Amino acid sequence: MNTTLIGDTLIVFGRELRPVLRDPFSVVFSLAQPLFFLALFAPLIPAAGGTAETLQWFVPGLIVMSCLFATSSTGSNLQFEMQTGAHERMLVSPLRRPALIIGRALKEIVPTFAQAALLIAVTIPFGFRPDPVGAILGLLLLCVFCVGLGALSYTLALASRNQEWVFWGVQQTLLFPLLLLAGMLLPVDNGPEWLRVLSRFNPLTHVVEAERALFDGRLLAPEVAAGVVAAVAVAAVGLFIGTRAMRRATG
Amino acid sequence: MIETQNLTRHFTVNKKTVEAVRGIDLRVEAGEMVALLGPNGAGKSTTLRMLTTLLPPTSGTARVAGFDVTTQDREVRRRIGYIGQGNGAGHSQRGRDELITQGRAYGLSAAAARERAGELIASLGLTEVADRIVSSLSGGQRRRLDIAMGLIHAPGLLFLDEPSTGLDPQNRANLQEHIRRLRAEHGTTIVLTTHYLDEADHLAERVVVIDHGRIIADASPERLRSEHAGDRITLTFDHAEEARRVAAHPPGLIEGARIEHDGTRVVIEATGGARLVPELLRILEKENSAVVSVEVVRPTLDDVFLNLTGRSLREDGADLPGTTGGKDEVA
Ligand SMILES: Nc1ncnc2c1ncn2[C@@H]1O[C@H](COP(=O)(O)OP(=O)(O)OP(=O)(O)O)[C@@H](O)[C@H]1O
Ligand SMILES: [Mg+2]
């Protein structure tokens with residue numbers, strides 16, 4: 001009867017992933033999404049060094065973005081299960097509270113790994129050169145950050161309870177400024193002073209910069225350290241708030 | 001198994017405080033089978049959700065299976081099973097998968113969980129639908145799946161929140177059988193809530209009546225009946241005149257009983273009424289009052305509730321399954 005946090009997480013993760021795997025259409029559809037962004041945004045980016053350099057800058061950001069979209073909506077699936085009794089049934093089981101959050105977040109992350117692989121495969125012919133070790137480390141770093149984000153999304157779902165529009169309203173209102181401030185799709189370097197300052201305070205900025213450094217193969221760059229700190233901090237804060245919200249929820 | 005002290009829960013809704021549970025003191029010994037009975041909104045689910053660690057109490061304490069529900073919640077969760085009022089299976093999941101996941105969550109090995117899931121699927125009549133997606137199941141099939149999930153780890157203490165709501169009579173009987181067997185074979189302690197008066201009556205040895213968040217009675221169904229409601233004897237006469245006479249000058253035998261008179265009928269409510277009938281008829285015959293027919297109705301738990309609170313459990317209408325399910329038992 002001895003269980004572990006990892007075992008518990010795998011149980012939740014397995015449960016969440018099962019319906020996704022049974023519905024391959026949705027997976028294929030989600031795979032195509034970042035390709036649209038690539039096709040529509042990459043040409044807009046001002047780069048002196050041509051396509052290869054643009055991709056080197058743009059693709060890591062795009063990978064972060066797909067993961068962000070997926071994990072920040074974790075809570076939406078939860079809301080539905082809160083309305084039935086499925087969430088309550090998981091809560092009353094001895095599964096560890098953080099496992100309920102991490103398992104759900106990981107389920108959102110896994111498809112984004114497939115997206116990342118596809119993006120890389122598609123852009124290599126155009127000159128994108130990811131460092132293999134750096135890319136793997138980058139994806140792991142992304143996992144850490146996105147678990148934190150998933151936890152916050154979970155908290156938001158608990159807080160907005162049965163009001164879906166509140167959930168989506170808050171999620172969109174927070175996500176897009178964070179995304180833009182992080183210089184994910186368009187660089188903020190040429191923006192006004194206040195924008196650049198604000199951008200420094202956005203943990204996502206540091207994660208994106210760390211990803212770019214890692215994909216470039218600059219594994220020991222200071223950006224990487226900053227990104228790790230930012231990701232771990234977001235994960236820790238997210239899990240703390242998430243498990244606390246779960247204990248206090250009156251749902 | 002369960003011991004609560006002044007267990008209380010308030011909710012704040014639109015800045016108003018709802019006192020859902022107001023100081024419940026409840027003690028349940030190992031092996032007991034207890035039914036919580038009460039109208040909609042009485043606080044049954046809230047009580048159960050506090051006992052199962054799903055909801056922190058506003059004040060008061062509860063120890064369940066030897067552990068405190070607020071400070072040792074995980075220990076409590078490992079030792080109990082809970083079948084909530086809602087449906088526990090995810091809509092996009094398959095029943096069998098959910099059962100196996102549930103078993104794994106309680107620490108069963110994959111093989112053991114699979115085997116146990118198979119057993120429960122067979123015994124709850126879910127064989128045909130277990131491998132279908134849950135959203136395609138009927139309400140009763142989903143309910144049985146919930147029950148299977150609650151039983152998968154054979155808990156020593158099982159909470160069921162309206163387990164039989166939505167089940168047809170045959171499946172209700174089947175569920176009751178399951179619950180009885182659990183107790184007989186494993187000595188499981190069972191706490192359930194129900195709207196079905198006859199279910200509380202037949203299944204539980206102890207009925208805790210809850211109203212407005214308080215326990216207002218706590219005894220075996222027989223005791224509740226004999227203390228809080230009498231048998232109802234309906235005598236029908238040939239003429240209204242005779243009925244009136246009997247109602248006005250009742251035989252000494254039924255002194256103290258509640259007597260009502262309506263047309264040609266006289267309704268007498270008396271404790272142990274069924275045993276009074278032969279003697280009563282003899283007396284009336286001597287008095288030349290011709291009784292055309294006699295009907296004796298044993299009191300239901302609804303009568304008990306009515307006498308305790310002045311309200312019927314059934315009066316608030318159609319959403320109460322007990323309206324049809326718990327209909328009169330005629331002795
Ligand atoms: N999460 C909640 N937030 C606010 N109020 C609640 C909440 N849960 C229950 N209540 C209120 O507490 C009271 C008791 O509710 P509870 O669900 O315990 O009743 P119940 O006895 O289970 O009723 P039913 O027979 O309808 O299931 C009700 O007035 C209900 O509106
Ligand atoms: Mg209820």
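Of all DSSP beta bridges confined to region B:2-225, the antiparallel ones make up roughly 55%.
Taking the Cα centre of the protein assembly as shown as origin, sum charge times position over the Cβ atoms of Lys and Arg (+1) and Asp and Glu (-1), and report the length of that vector in debye to the nearest 20.
Details: 58 positive and 62 negative charges, 326 e Å.
Here the size comes out at about 1560 debye.
Its Cα centre serving as origin, region B:231-298 has a Cβ charge dipole (Lys and Arg +1, Asp and Glu -1) of approximately 160 debye.
Spatial offset of region B:180-250 relative to region A:160-236 amounts to 65 Å, using the alpha carbon center of each.
In chain A, taking the dipole from charged Cβ atoms about the Cα centre, the farthest positive-side position among A:30, A:203, A:82 is held by A:82. Other protein chain C-beta atoms within 10 Å of residue C-beta, averaged over B:97-104: 5.
Excluding ligands, DNA and RNA, the accessible surface per residue across the protein assembly as shown is 44 Å² with a 1.4 Å probe. Helical runs assigned H by DSSP (4 residues or longer) give chain B a calculated mean residue ellipticity at 222 nm of -11000 deg cm²/dmol, each run adding -39500 (n - 2.57) before division by the residue total.
Quick check: the distance between the Cα centres of region A:76-148 and region B:137-179, to the nearest angstrom? That distance is 35 Å. Ordering B:257, B:224, B:237 by the projection of their Cα atoms onto the charge dipole of region B:224-263, which places +1 on the Cβ of Lys and Arg and -1 on the Cβ of Asp and Glu, puts B:224 at the extreme positive end. Considering only B:33, B:84, B:300, and ranking their Cα positions along the charge dipole of chain B that arises from unit charges at the beta-carbon of Lys, Arg, Asp and Glu, the one farthest toward the positive end is B:84. Within the shell defined by Cβ-Cβ distances under 15 Å, the residues around residue A:16 carry a net charge of +2, with Lys and Arg each +1 and Asp and Glu each -1. Inter-chain Cβ neighbour count for B:51-62, averaged per residue, equals 2 (cutoff 10 Å, partner chain atoms only). Using equal-weight Cα scatterers in the Debye expression, the normalised intensity of region B:231-298 in log10 at q = 0.21, 0.26 Å⁻¹ is -0.78, -1.28.
When +1 charges are put on Lys and Arg Cβ atoms and -1 charges on Asp and Glu Cβ atoms, the dipole computed for chain B relative to its Cα centre reaches about 1340 debye.
Summing Lys, Arg as +1 and Asp, Glu as -1, what charge do residues with Cβ under 13 Å from the Cβ of residue B:215 carry, residue B:215 excluded? The answer is +2. Take every DSSP beta bridge whose two residues both sit in the protein assembly as shown; close to 70 percent of them are antiparallel. Here the protein assembly as shown exposes an accessible surface that is 58 percent carbon and sulfur, computed with a 1.4 Å probe and the other protein chains kept in place. Mean partner shielding of peptide A:15-26, defined as the number of other chain Cβ atoms within 10 Å of each residue Cβ, is 3.
The values are calculated or read from the model by the stated rules, or taken from the named source; none is laboratory data. In this text, all values refer to a predicted model and were calculated from it rather than measured experimentally. Counting neighbours? That spans all protein chains shown, and the Cβs are built from the backbone with ideal geometry, glycine included. Please note that ligands, DNA and RNA were not included when accessible areas were found on the heavy atoms of the full protein model with its side chains. Shrake-Rupley method; radii C 1.70, N 1.55, O 1.52, S 1.80 Å.
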